[in-house]
Amino acid sequence: MEKSLNKEEEQGGEEEEEEEEEEKKELGTFEVSSRSLPAKPNLKGDWLNFFLLILLYTIQGLPLGLVIAFPIIFQSKKIVTYKEQAFFSLVAWPYSVKILWAPIVDSLYVQWIGRRKSWLISIQYLMGAFLYYTATNIDEWLPESEVPNFKALVFTFGVISFLAATQDIVVDGWALTMLKKNNVGHASTCNGTGVALGVLIGTICPVLLTSVDFCNKFLRTTQSTEGIITIKGFLYFWSITIILITTLVGIFKREKDNRLEEGHVKINVLQSYQLLWKILKLPNIRVLAIALLTMKIGFSATDSVSNLKLIDAGITKDDIMIITISMYIVKMIIPLIVSKYTSGAKPMSAYMKLMPIRLLWSIPYVALIYYTPNLIKSNGVVNIPTYYYFILVFICIIHEILAFTMYIFTLGFFSRICDSRFGGTYMTMLSTIASFGWVLSNTLALRMVDVLTFSKCSNNDSNNCSTIQLKNMCKTNNGDCISIVNGYYIEVAVCMMIGIVWYFLYKKTIKNLQTKSPSNWQVDLH
């Protein structure tokens, strides 16, 4: 009896192995032999490369900072609609679709210049040139008391974002060969530090250092009618700085010959795109892609509209920027605290546990925005009490901790499932899909605020205050635009409901994806 059972178990095991082999053949997957681990990190002899990477990532982060800063500048002028804000948000899209041209960047280059330098030099020269062009015209495109020229701003910043996204592909690839093998792990440190520094520079300078109120309050002993710098001067400075840095890198930094790299294989453009297509054909990737494209909908209204609504309620752009900048301290600490989860086998289980908490945390945000006018205004005059700042900072910190921790968990999952042989392209593809889902959700959220908002002029029921012209007409006739239905609150409620439905639909699916063996995420290039 025992023998027959053992025999049946052996046959069952053989059948399971055969089924697994058949599945691998169908999916084009296979096992990869393990390689010996590199020596312990030691930056001796690599410090110059380390700081150069930080500098290059800082250049990349600068346009990201500008993309964050300009919507706040627009909103503070009180003459920009959410529809126009949504239009400007399109400049962030190149970061979300860079995978479309990443194979070209990886495959085409001038050998004698270098695989990465060929692109880096030309890209950064173009970035400097477009920043200079923007500086020359910024006073005309962004007048003090008139509606900005959104078409010109979206075009120029769209091009600059495209160049920065391409530079991201280049520097990510170069970091893997610029640093010694045992120091490659420091590439993520360079990325995080450099991009964060660039974002800080790109937000602080155009918003705070150009602000008369902020400079007079915190940075001056005598009052003035201007900020410490101008946006025009800031853009001029960085356009020239980027061109100088690029020239020095081109002259003095030599790139290793990629043909001497271990396991080097020359892949043409067609093969690179075939690789992407094979990755996307994997059943698990298709399931994951749908999840990544839709998982941010539940948070989109809170993430993209809340700060703008706080400005509408009376909080100054300077206060918003100070709080936003202080959040970067939180971002530097979080990865250290949650490292044991991101390096573990199931980071997305932790992600799913935090999702309901983050969805529900939209409620305190909504409540704060709703009561803000009553808390900060007295007889129509803004006078923000100290306790309000404590409440605002507390809500923002919890929101930032939840958002950034979930982002780190997602990256940890990507790192675990990526085919290491094509790690750069694979990682770019996954992060691009996730980023596209985030940008698409935020753009729709900004666009729908005005659609879901219903107002009327206090002394003219036929004026619905739906455009800047109608609002000005109401004001000219000594009326006020009164909000009958605030689209922001409706949108937050709808997004929360969608997020809750998504959570229950995908909870089991996401957890199951973590249990898949590495072979289910690997592809055969041949």
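For every residue, the table says whether it meets (1) closer than 26 Å to residue 249 by Cα; (2) modelled with pLDDT of 95 or more; (3) under 15 Å from the mean Cα position of the chain (by Cα).
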position: 140; (1), (2), (3): no, no, no
position: 148; (1), (2), (3): no, no, no
position: 169; (1), (2), (3): yes, no, yes
position: 174; (1), (2), (3): yes, no, no
position: 185; (1), (2), (3): yes, no, no
position: 191; (1), (2), (3): yes, no, yes
position: 198; (1), (2), (3): yes, no, yes
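Consider residue 275 carefully, then state whether it is surrounded by 19 or more Cβ atoms within 10 Å (Cβ to Cβ), touching a residue at least 12 places away in the same chain (Cβ under 8 Å) and over 24 Å from residue 210 (Cβ atoms). So that I can check it myself, show each step before the final result.
Values: surrounded by 19 or more Cβ atoms within 10 Å (Cβ to Cβ): yes; touching a residue at least 12 places away in the same chain (Cβ under 8 Å): yes; over 24 Å from residue 210 (Cβ atoms): yes.
Judged against the criteria, residue 275 is a match.
Of all residues in segment 137-162, those being closer than 18 Å to residue 239 by Cα and open to solvent by 70 Å² or more (accessible area, probe 1.4 Å) number 3. Among the residues in segment 242-259, are any over 30 Å from residue 106 (Cβ atoms), at pLDDT 85 or above and outside any loop (DSSP other than H, G, I, E, B)? There is no residue in segment 242-259 that is over 30 Å from residue 106 (Cβ atoms), at pLDDT 85 or above and outside any loop (DSSP other than H, G, I, E, B).
Of the residues examined, residue 297 is not one that is of a type in the set (Val, Ile, Thr), closer than 30 Å to residue 490 by Cα and at pLDDT below 85. For the residues 164, 175, 152, the requirement of being in contact (Cβ under 8 Å) with a residue 40 or more places away in the chain, touching a helix residue (DSSP H, G or I) at 6+ places or on another chain (Cβ under 7 Å), of a type outside the set (Val, Ile, Thr) and farther than 14 Å from residue 115 by Cβ singles out 164.
A Cβ distance below 6 Å, combined with a sequence gap of six or more or placement on separate chains, defines the contacts here; from segment 237-266, residues that are within 30 Å of residue 206 (Cα to Cα) and surrounded by 15 or more Cβ atoms within 10 Å (Cβ to Cβ) reach residues that are of a type in the set (Ser, Thr, Tyr) and at pLDDT 80 or above in the pairs 239/132; 246/125.
For (1) closer than 26 Å to residue 214 by Cα; (2) open to solvent by less than 20 Å² (accessible area, probe 1.4 Å); (3) of a type in the set (Val, Ile, Thr); (4) at pLDDT 85 or above, each residue gets a yes or a no:
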residue: 292; (1), (2), (3), (4): no, yes, no, yes
residue: 312; (1), (2), (3), (4): yes, no, no, no
residue: 330; (1), (2), (3), (4): yes, no, yes, no
residue: 359; (1), (2), (3), (4): no, yes, no, yes
residue: 389; (1), (2), (3), (4): yes, no, no, yes
residue: 399; (1), (2), (3), (4): yes, no, no, yes
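Any idea how many residues of segment 189-236 are part of a helix (DSSP H, G or I) and either among the hydroxyl-bearing types (Ser, Thr, Tyr) or closer than 19 Å to residue 143 by Cβ (or both)?
Taking segment 189-236 as the starting set, the residues that turn out to be part of a helix (DSSP H, G or I) are 189-208, 212-219, 231-236.
Those still in the list that are either among the hydroxyl-bearing types (Ser, Thr, Tyr) or closer than 19 Å to residue 143 by Cβ (or both) too: 189, 193, 203, 206-207, 212, 231-236.
Of the residues in segment 189-236, 12 are part of a helix (DSSP H, G or I) and either among the hydroxyl-bearing types (Ser, Thr, Tyr) or closer than 19 Å to residue 143 by Cβ (or both).
Checked against (1) hydroxyl-bearing (Ser, Thr, Tyr); (2) out of contact with any strand residue (DSSP E or B) (no Cβ under 8 Å at 6 or more places or on another chain); (3) more than 30 Å from residue 278 (Cα to Cα), residue 483 meets all criteria but (2). Kindly check whether there is at least one residue in segment 363-376 that is modelled with pLDDT under 85, within 28 Å of the chain's Cα centre (by Cα) and β-branched (Val, Ile, Thr). No, because not a single residue in segment 363-376 is modelled with pLDDT under 85, within 28 Å of the chain's Cα centre (by Cα) and β-branched (Val, Ile, Thr). If the condition is being at pLDDT 80 or above, of a type outside the set (S, T, N, Q) and farther than 19 Å from residue 268 by Cα, then segment 416-435 contributes 430, 433, 434. The helices (runs of 4 or more DSSP H) found wholly in segment 420-526 and carrying at least 1 residues that are open to solvent by less than 20 Å² (accessible area, probe 1.4 Å) and free of Cβ contacts under 8 Å to residues at least 60 places away in the same chain occupy 468-476, 487-514.
The values are calculated or read from the model by the stated rules, or taken from the named source; none is laboratory data. Nothing here was measured: the structure is a model prediction, and the numbers come from that model. Cβ: placed from backbone, ideal geometry, glycine included. Neighbour counts: every protein chain shown. These area figures cover heavy atoms from the full protein model, side chains too; ligands, DNA and RNA do not enter into them. Shrake-Rupley method; radii C 1.70, N 1.55, O 1.52, S 1.80 Å.
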